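Beneath this line is the structure, given in structure tokens, with notes to follow.
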């Protein structure tokens, strides 16, 4: 084995090991969300279910916009430092910067509340946003200092407590939609408490660590990420906000949200891979053979991601039945499932390319490509809604993300030589189209459940190398634990 191949194999093992760690850490979150989804659907009235979930999913995006995604800068700057004091400096300076940015965030929450004509949730959403900010800072700084296991364990504990809190608030106190807002706040509080007790980031805060020059560099790195987050907000939330403003919009928004819940399993993989890939991309950003590793990982990611989508399309009706979405929101929500899953997949590819740009410290293309996607999405939504109805939300979102993905790939192909395997790409497209055609041609729950079996068997066959590598890592970790 050549030196380059050994290095590439070592990076590949590191990425797969991080995937295993983050999968275990995030699996509990998604399983809990799946359980809570059924409880939410049956406990919250159809007029409130969509809007409150829109608020809860929008607050983190507003945090990203108005706090400039400074946590990403914290982790990136930590990777450039070798000693503990140098790494902690990033956290301290980011915390001060966040204080100056808070008034803008608060105003954005007031505007968000006004979009639905109800300011009842405004104070709760502001507090939720502030806790989310602190949680993000702790999470990314924890990863920046190499405490991956702490990150995974904390995620499990906070998710369990968040889920338990929501169950109690929905069933015992019958708080309805408000429970969906308060429970994540409780989870964030638990997470922050654990991180602080283990890393002492806040207690190690020193005024002498603060530097105007350091904050300026942090701003220079993060500001393009903030603009990108704003464009991403227009790309992902415009459709839902537009639907909410139409006649019968609150019910339609609830139907769309119910369909989105089916994508939880794909989102689990997307979240896990994104976390592992971000760190790995940052860590290898200075290596001479990083481009080959980028290309290898891209094709592997596309392969696994396409398998997840292809298997989830026929399984979608069964999951909707388990969640209770079919009986409450009917076929109107079920028919949205393939479009939802396609949007999740394209979003994931967009995020994959985005992490490479960040690792290469070239954040400007992120802005241009996301703005392009946002414009395509908005134009498509305005033009298609009258013809496709609620389905236009998914179609326009997919078109927007597709424009972003193509733009980012072409730029990366030019500046770093990234290569996409055509065979993997066409197999992914053909498999997704076949699964979608069969989904609409045979709408029976029984038939779709049967179709899921051969799709999953083919998926396991195609993913033999990846499954073998993950099993070896798990076996190795089990031996060390024993």
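The values are calculated or read from the model by the stated rules, or taken from the named source; none is laboratory data. Just so you know, these numbers come straight off a predicted model, no measurement behind them. Please note: Cβ atoms are built from the backbone with ideal geometry, for glycine as well, and neighbour counts cover all protein chains shown.
One residue alone among 380, 320, 374, 393 is in the same structural domain as residue 234 (by TED's automatic domain parsing) and modelled with pLDDT under 95, and that residue is 320. Just to be sure, is residue 205 surrounded by fewer than 18 Cβ atoms within 10 Å (Cβ to Cβ) and either over 19 Å from residue 335 (Cα atoms) or free of Cβ contacts under 8 Å to residues at least 40 places away in the same chain (or both)? Considered against the rule, which asks whether it is surrounded by fewer than 18 Cβ atoms within 10 Å (Cβ to Cβ) and either over 19 Å from residue 335 (Cα atoms) or free of Cβ contacts under 8 Å to residues at least 40 places away in the same chain (or both), residue 205 comes out as yes.
Kindly indicate whether residue 125 is under 19 Å from residue 181 (Cβ atoms), crowded, with 19+ Cβ neighbours inside 10 Å, in contact with a helix residue (DSSP H, G or I) (Cβ under 8 Å, 6 or more places away or on another chain) and touching a residue at least 12 places away in the same chain (Cβ under 8 Å).
Answer is yes for this residue.
Candidates 111, 107: the one that is at pLDDT below 95, in a helix (DSSP H, G or I) and over 17 Å from the mean Cα position of the chain (by Cα) is 111.
If you filter the stretch 461-482 down to residues that are surrounded by 12 or more Cβ atoms within 10 Å (Cβ to Cβ) and closer than 19 Å to residue 309 by Cα, you find that the one that is modelled with the highest pLDDT is 462.
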